[in-house]
């Protein structure tokens, strides 16, 4: 292991978040903002278009349509500004990146929902351990 791997383990430490959402899921990301003396939490709800990177450099892209205009936001997974991530709806997709949703209208970009039995089986399985390279 090189020095960067040790540094990543120190930074992530106990805050290791298990990625329990996948590409295509609709999620709510709660982020903290500091405005003057106050700290407030803002929600961003949308579809996960892709997950990129590994380790501390993991990012995910969320897209929502607001007043007819598509808004995309890239979040670093281990950012201290992210308070929590909630899964609103699970969907079944056959691609790793859903960039094709950018060109579709909101009605055409609907994804197939997962059945309740499939969702409960996936949540019951433990997260796979990362292999050392």
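Values quoted throughout were computed directly from the atomic coordinates according to the rules given, and no laboratory measurement underlies them. Every value quoted in this text rests on a predicted model; they were computed, and no experiment measured them. FYI the Cβ positions are ideal-geometry reconstructions off the backbone, even for glycines, and counts take in every protein chain you see.
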Three-way shape call for the range 1-81 based on the alpha-carbon gyration tensor, with the a/c threshold at 1.5: oblate
Please compute the modelled spin-label separation between residue 9 and residue 34, points set 7 Å along Cα→Cβ, answer in nm with one decimal. 3.1 nm
